[in-house]
Each structure stands twice: as structure tokens, then as C-alpha cells.
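Since the structure comes first, as C-alpha cells, the remarks are kept for the end.
No value in this document is a laboratory result; all are computed from the given coordinates. The structure presented is a predicted model; accordingly, all values stated were derived computationally and were not measured. As a convention, Cβ positions derive from the backbone with ideal geometry for all residues, glycine included, and neighbour counts pool all protein chains shown.
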Amino acid sequence: MNDYNFDNIIDRKGTGCKKWDMISKDYGDDVIPLWIADMDFEIPYEISESIKKRADHPILGYTMAPDTYYEAVIDWFKKIHNWVIEKEYIQFTPGVVPGINAIISTFTKPGDDVIIQTPVYHPFARLIKNNGCNVVENPLKLEDGYYSMDFDNLEEVITKRTRLLILCSPHNPIGRVWKREELEKLGEICVENEILVVSDEIHADIVYPPNEHIVFSNINQRLANNSIICTAPNKTFNIAGLQTANIVIQNEKLRNEFEIQLEKLCIPGGTIFGIIAQETAYRNGESWYKELIKYLNENVDYVVKFFETRIPKIKVKKPEGTYLLWLDCSALNMNEEELVDFFIKDCKVLLNEGSIFGKGYELFQRMNVATSRKVLQEALERIETEVNKL
Ligand SMILES: Cc1ncc(COP(=O)(O)O)c(C=O)c1O
């Protein structure tokens with residue numbers, strides 16, 4: 001039993017919750033949703049209280065982030081990631097995805113190339129295409145179930161039109177926490193080729209020991225000058241519905257260009273509840289967060305062991321970070337359509353299809369383990385029963 005009860009099963013149905021309500025509508029009430037990267041845990045009590053307290057005030061007019069908000073963000077990064085930033089580096093956007101969209105629109109022209117390293121969080125490709133740019137894939141290398149960056153191929157795919165590389169760090173869906181040497185090498189190639197690195201670090205806080213997240217711009221000044229770090233409390237504290245993110249740009253020239261673009265796009269500077277929740281999370285959420293990591297680590301171990309011992313046909317490696325597991329289902333001998341049907345219709349468990357993360361991953365599925373252990377147990381037993389029938 002934890003100080004915080006992550007075992008508690010909370011009924012989220014009927015709250016407009018995408019994870020549960022969207023699937024009840026599409027697949028029926030008895031499907032267990034382990035798809036979208038959203039957790040089923042209660043948020044820290046302090047966050048709920050701060051929102052309620054503000055809601056008691058009868059006026060909800062235009063809002064701005066106070067200095068205390070910036071102090072809370074700065075203190076969190078210093079304490080958790082040993083990363084020292086200043087208030088003026090931080091730009092607010094209503095989520096990391098809108099932030100990356102604004103970054104692409106600021107620093108590219110239609111027809112430019114933007115590199116992503118597949119399999120990777122699927123909206124990256126959509127944002128690149130929406131801005132009229134070309135998606136250039138530098139697929140990760142897979143050796144013995146372990147993914148790494150392919151630097152030789154990276155140098156091959158770079159052209160004169162390459163403007164940006166979107167890094168996912170830690171990497172969704174394969175759960176790598178990139179090592180300093182890997183980030184440094186990637187960063188140097190990008191500096192040499194004048195490619196700006198957009199580092200999406202939304203999963204930065206969710207890392208399992210002994211792995212350690214290294215903020216890309218914390219490696220050296222050259223890389224800090226040539227990067228934009230996208231951060232948010234949305235994954236860590238499960239407050240994605242409040243739509244907040246902090247885009248951190250140390251290079252003053254880049255920062256000014258981005259600020260002008262945010263103005264042009266009329267990107268708002270935050271909502272009353274998003275700002276309050278985020279300040280409270282970063283200021284008072286650390287003890288909850290530490291318990292969360294312990295619980296998630298145990299969940300990950302539990303699920304990996306379950307697959308290894310009871311469903312060995314589905315191969316999975318423990319992720320170094322994120323609460324997402326990348327399941328290799330190729331030994332089930334199904335095609336993509338059969339595999340998707342198998343999980344939804346037979347097992348009644350909804351996962352994310354591998355194909356959305358990149359070409360060649362049709363026989364993979366992504367599983368979100370940020371739910372109570374009982375729910376995971378039920379989902380795994382369903383999968384085991386159906387695999388045994390094959
Ligand atoms: C790598 C990555 N970036 C961004 C997001 C979404 O960010 P936001 O909700 O802040 O737009 C997710 C959500 O799963 C993600 O995994």
C-alpha cells in the first residue's frame with residue numbers, strides 16, 4: 001500500500017475522457033483501454049485543491065502566469081534534472097503538440113525537410129506535413145530487441161533542405177532514455193549541418209533507475225544554442241486536459257523569432273486552471289511523483305514478467321522510461337488487420353497499432369501500463385486466454 005493509492009480503480013467513464021469514453025462509444029463497454037498516453041491515477045490532492053480554491057473566486061477573466069509560476073517551473077527542472085534555466089527562456093503553449101507545430105511553422109518553409117526517427121510519436125509526421133514540409137525518416141536500428149540511433153543513415157538522409165530534426169527524448173513508443181554520448185553525437189551532426197534540434201521531452205520525468213534523463217540542451221553550450229526543448233507536466237502529473245506546456249529556448253535569436261510567430265498565430269498564454277495546476281504540481285507534487293515512479297516501475301516489471309512467463313509469443317523489453325511498452329507480436333503469425341482485430345474483438349483490450357508510429361511496425365502494438373495493477377492483470381489474462389486458443 002502506498003501513501004497515495006495508485007491501486008484505486010477510478011471510474012472515468014462519462015467524464016468526457018478520451019481514453020475510456022471514446023472506446024465505449026466505438027467498441028463497447030467491456031473493452032479495457034490501454035492505448036492513449038494518459039494515466040488512470042488520481043492527481044495529487046494539492047492540485048485538485050488549488051483548482052477548487054481558484055474556482056471559488058467569482059471572476060474568471062483574462063489571465064497571466066505570475067512570477068511564482070516561472071519560479072516553480074525553474075525549480076523543478078533544477079531539482080529533478082539539474083537543468084538551470086531562466087524565466088525569459090520559457091514560452092507557454094497550450095500543449096507540446098501545438099508548441100511543435102508553432103516551431104515547425106517558425107523555422108521552416110514549405111518544401112523543407114524535417115527528420116524524425118521512427119518508430120515515433122505519430123503526430124510528428126502529421127505536423128510536418130501540415131506545414132507543407134517533407135517527412136524524412138531516419139529509422140532507429142533494432143538489434144536484439146534494443147533500439148539505437150542510426151547515425152550513418154542520418155548523415156545520408158540530410159539534404160540542403162533539411163531544417164529540423166524532431167527528437168523524442170525519452171522516446172515514445174520504444175522507451176529508450178538516450179545516453180549522453182548518443183545525444184552529443186546527434187547534436188554535433190545537427191550543428192555541423194545547421195539543423196535545429198526540437199527535443200520533445202514530455203516524458204522526461206518518467207524514467208526508471210538506473211537510467212537518467214539528460215536534457216538535450218544541458219549537454220553543452222553548442223547544443224543549447226541549437227535546440228528547443230519542449231516540456232510539460234502533462235504526462236508526469238496526468239493533467240493533459242488542462243493543456244499546458246513550456247517551450248524552452250536558450251538562444252535569444254531563435255526565441256525572438258518564435259515569440260513573433262506565437263503572436264502571429266494568436267497562441268494564448270495559458271488558462272487560469274492550467275497555470276495554477278502546473279505551478280502547484282511543480283511546487284508540491286514531488287512526493288506524489290516519487291511514489292508514482294515506484295508504482296509505474298513495478299507495473300512495468302509486472303507486465304514484462306507476465307509476457308515472458310505466460311505469453312512468450314509476444315516479445316517485450318523493459319523500457320528505460322515512459323509508461324509505454326512496445327510489444328513485438330510477429331510470432332502470433334497474423335497480418336496487421338488480423339492483429340488489430342485480435343486485440344480488440346477477441347481479447348477486448350485496446351492498444352495502439354504499431355503502424356501509426358512508422359512504416360514497418362505493423363506487427364507491433366503499444367501498451368500503456370499507467371493504470372491500476374488489477375486492470376493490467378485482467379487485460380493480460382484476457383490476452384493470455386486468447387493467445388492460448390490460437
Ligand atoms: C512524445 C509526446 N509528445 C507530445 C505528446 C502530447 O503532448 P501535449 O498533450 O502536451 O500536446 C505526447 C502524448 O502522448 C507524447 O507522447
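What to note about this one:
- Virtual spin-label span in nm between residue 53 and residue 294, 7 Å along Cα→Cβ: 2.7 nm
- From the C-alpha gyration tensor of region 70-162, square roots of 5λ in Å: 28, 21, 12
- Based on the Stokes-Einstein relation at 10 °C and a viscosity of 1.306 mPa s, and on the Kirkwood radius from alpha carbon pairs, region 327-390 is assigned a translational diffusion coefficient of 131 µm²/s.
- log10 of Debye I(q)/I(0), alpha-carbon scatterers only, for region 4-62 at 0.15, 0.21, 0.28 Å⁻¹: -0.63, -0.90, -1.16
- Reported to the nearest whole Å, the Cα centre-to-centre distance from region 23-38 to region 320-340 is 17.
- Restricting the chymotrypsin sites (Phe, Trp or Tyr not before Pro) of region 22-97 to loop positions (DSSP other than H, G, I, E, B) with no more than 15 neighbouring Cβ atoms within 10 Å leaves 62.
- Region 257-390, Cα convex hull volume normalised per residue, Å³: 176 Å³
- Applying a DSSP loop filter and a limit of 11 other Cβ atoms within 10 Å to the GluC sites (Glu not before Pro) in region 176-240 leaves 194.
- On the beta carbon distance between residue 155 and residue 109, with R0 = 25 Å, the FRET formula returns roughly 0.60.
- Rough spin-label spacing in nm, given labels placed 7 Å along Cα→Cβ, for residue 129 and residue 260: 3.1 nm
- Mean separation of Cα contacts under 8 Å (6+ apart) over length of the chain, as relative contact order %: 23 percent
- Cα radius of gyration and Dmax for region 295-352 (Å): 12.0, 34
- For region 4-147, the square roots of the Cα gyration tensor eigenvalues, ordered a ≥ b ≥ c, give a/c of at least 1.5 with a/b no greater than b/c, which places it in the oblate category.
- Over region 148-215 - Rg/Rh using Cα atoms and the Kirkwood inverse-distance radius: 0.98
- Radius, Kirkwood style, for the chain when every pair of distinct Cα atoms is counted (Å): 21.8 Å
- Rough spin-label spacing in nm, given labels placed 7 Å along Cα→Cβ, for residue 220 and residue 193: 1.9 nm
- Under Karplus coefficients 6.51, -1.76 and 1.60, residue-wise ³J(HN,Hα) of region 136-148 in Hz, glycine/proline x: 10, 9, 10, x, 5, 8, 10, 10, 6, x, 10, 8, 9
- Sequence-ordered 3J(HN,Hα) estimates for region 356-366 from the Karplus curve with 6.51, -1.76 and 1.60 and θ = phi - 60° stand at 5, 8, x, 5, x, 10, 4, 9, 10, 9, 9 Hz, glycine and proline given as x.
- Looking at region 84-142, the GluC sites (Glu not before Pro) that sit in a DSSP loop and have at most 16 other Cβ atoms within 10 Å of their own Cβ are 86.
- Beta bridges per DSSP with both ends in region 121-249, % antiparallel, nearest 5: 45 percent
- Antiparallel DSSP beta bridges within the chain, percent to nearest 5: 50 percent
- Per the Cα gyration tensor, region 104-235 maps to an equivalent ellipsoid with semi-axes of 22, 16, 16 Å, ordered largest to smallest.
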